[in-house]
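**Q** Just passing along the structure, written as structure tokens.
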Amino acid sequence: MTYSTLLFDVRDGIATVTVNRPDKLNALNDAVITELGEAAARIAGDSAIQGVILTGAGPKAFVAGADIGELAATDPIRAHALSRKGSETFRRIELSTKPVIAAVNGFALGGGCELAMACHIRLAAENARFGQPEVKLGILPGYGGSVRLPRLVGRGRAVELLVSAVMIDAQEAYRIGLVNRVVPGGELLAESERLLRAILANGPLAVAACLRMVDEQEGLPLEEALGLESRRFGECAGTADFREGTAAFLEKRAAAFRGA
Ligand code: COA
């Protein structure tokens with residue numbers, strides 16, 4: 001499959017998806033959103049892909065937001081549809097049962113910050129910059145920014161970022177919990193791959209169960225969430241991977257998981 005706005009490279013079980021419009025700082029136009037949806041479907045359906053690194057092309061940007069040129073020509077009906085399409089696409093990424101790491105290599109503004117937040121884990125290069133500048137354009141975030149940001153960094157910090165449109169650097173993003181780690185730019189992809197390979201050495205069904213559980217527990221009352229975890233725990237205990245993982249520990253050897 002070929003893409004006009006993405007690079008899609010699969011190597012040893014890891015798909016690296018690169019938003020590839022560097023002349024527009026990888027801004028999200030309709031074609032990028034469509035292709036990100038296609039990429040998410042491909043990732044879900046291809047058993048050769050076990051995990052994903054999502055990044056941006058060029059030295060400056062991860063994604064500098066929705067394409068403002070395209071946005072400027074919209075109207076309320078089309079803007080609502082555009083928001084739904086982007087939101088649903090990002091949700092597909094978030095619901096991936098294969099781990100997705102955002103390797104944030106520069107500006108992650110507006111839809112770029114929202115895309116990074118829809119990934120399971122965020123690593124930031126030292127030059128990364130984050131922000132939700134939509135209010136400067138007279139809109140609010142449309143791809144989940146006002147929903148995921150408070151969940152990640154807390155309500156007060158999220159409100160400040162959303163209404164001030166201030167841009168923060170990688171260290172500040174780390175301090176408030178928006179990113180998991182800050183690494184030198186030259187090491188971003190290698191470090192993302194190292195982390196992803198460490199995850200992929202674990203039982204894939206158990207990893208998927210963690211991703212699903214963390215998503216599903218949000219919004220559930222505590223007792224219900226704990227009950228759901230116990231059910232999932234029981235389900236995992238019925239897998240061959242569980243038998244292999246426990247046997248490998250007891251036999252002092254590395255586990256060979258099959259995802260079954
Ligand atoms: N949509 C469309 N085009 C964008 C874009 C976006 N979100 N962000 C950057 N670009 C384009 C610029 O228009 C410019 O194109 P041109 O060379 O054809 O004029 C090119 O990318 C380079 O950007 P430029 O602004 O010249 O780079 P800079 O280093 O001076 O500034 C930013 C970088 C990120 C601070 C600035 O581009 C910016 O503020 N972008 C918009 C961010 C935003 O508001 N995002 C939320 C959208 S909802």
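**Q** Per residue, how much accessible surface does the range 1-55 expose to a 1.4 Å probe? Answer in Å², no decimals. Before the final figure, lay out the partial values.
**A** Working: 2370 Å² over 55 residues.
Roughly 43 Å² per residue, with all protein chains present.
**Q** Which percent of Cα pairs goes in each bin when the distances of the chain are cut into 10 angstrom slices starting at zero?
**A** 7, 29, 35, 21, 7, 1, 0
**Q** I've got another one for you. With θ taken as phi - 60° and the coefficients 6.51, -1.76 and 1.60, list the Karplus ³J(HN,Hα) couplings across the range 30-39 in order, rounded to whole Hz; mark glycine and proline as x.
**A** With coefficients 6.51, -1.76 and 1.60, one gets 4, 5, 5, 4, 4, 6, 5, x, 5, 5 Hz.
**Q** While we're on this one: Please list, by residue number, everything in the range 196-231 whose backbone N is under 16 Å from a paramagnetic label point 7 Å out along Cα→Cβ of ALA240.
**A** Under 16 Å, as judged by backbone N against the label point of ALA240, lie 203-206 of the range 196-231.
**Q** Comparing GLY106, GLY238, GLY56, which has the greatest mean-square fluctuation in the GNM of the chain with Cα pairs linked when under 10 Å apart?
**A** In the Gaussian network model the winner is GLY238.
**Q** May I pose another question? Accessible area, 1.4 Å probe, largest first: how do TYR3, TYR143, TYR174 sort?
**A** TYR174, TYR3, TYR143
**Q** Further question on the same structure: From largest accessible area down, sort PHE62, PHE233; use a 1.4 Å probe on the protein chains.
**A** Details: PHE62 0, PHE233 160 Å².
The ranking, largest first, comes out as PHE233, PHE62.
**Q** At MET213 and ARG258, where each label point lies 7 Å from the Cα along Cα→Cβ, what is the point-to-point distance in nanometres?
**A** Placing both labels 7 Å along Cα→Cβ, they lie 2.4 nm apart.
**Q** Roughly how compact is the range 204-250, stated as its Cα Rg over 2.2 N^0.38 Å to two decimals? Working shown, then result.
**A** Working: Rg = 12.1 Å, N = 47, 2.2 N^0.38 = 9.5 Å.
Taking N as the residue count of the range 204-250, the ratio is 1.28.
**Q** Could you work out which residue, out of LEU189, LEU220, LEU178, moves most in a Gaussian network model of the chain, that is, has the largest mean-square fluctuation with Cα springs under 10 Å?
**A** Maximum fluctuation in the GNM of the chain, among the listed residues, is at LEU220.
**Q** If you rank THR34, THR89 by how much accessible surface each has, with a 1.4 Å probe, what is the order from largest down? Numbers along the way, then the final one.
**A** On the way: THR34 50, THR89 10 Å².
Descending order: THR34, THR89.
**Q** Related question: Connecting C-alpha atoms closer than 10 Å in a GNM of the chain, tell me which of SER87, SER230, SER192 has the biggest fluctuation.
**A** Greatest mean-square fluctuation among the candidates belongs to SER230.
**Q** Another one. Provide the per residue accessible area, probe 1.4 Å, for the range 163-260, rounded to a whole number of square angstrom. Show your work: numbers first, answer last.
**A** On the way: 6190 Å² over 98 residues.
Using a 1.4 Å probe on heavy atoms only, each residue of the range 163-260 averages 63 Å².
**Q** Another question about this same structure. What is the spread of the Cα atoms of the range 160-260 along each of their three principal axes, largest first, in whole Å?
**A** Extents along the principal axes, in whole Å: 52, 40, 18.
**Q** Normalising by the residue count of the chain, find the relative contact order in percent from Cα pairs under 8 Å and 6+ residues apart.
**A** 15 percent
**Q** Could you work out the helix-only [θ] at 222 nm for the chain, with each DSSP H run of four or more residues adding -39,500 (n - 2.57) and the total divided by the number of residues, to the nearest 500 deg cm²/dmol? Kindly include the intermediate steps, with their values, before the conclusion.
**A** On the way: 11 runs with 127 residues, N = 260.
So the helix-based figure for the chain works out to -15000 deg cm²/dmol.
The values are calculated or read from the model by the stated rules, or taken from the named source; none is laboratory data. The structure displayed is predicted, hence computed values, not measured ones. No Cβ is skipped: glycine too gets one built from the backbone with ideal geometry, and neighbour counts run over all protein chains shown. In case anyone asks, the SASA skips ligands and DNA or RNA and just uses the protein heavy atoms, side chains included. Shrake-Rupley method; radii C 1.70, N 1.55, O 1.52, S 1.80 Å.
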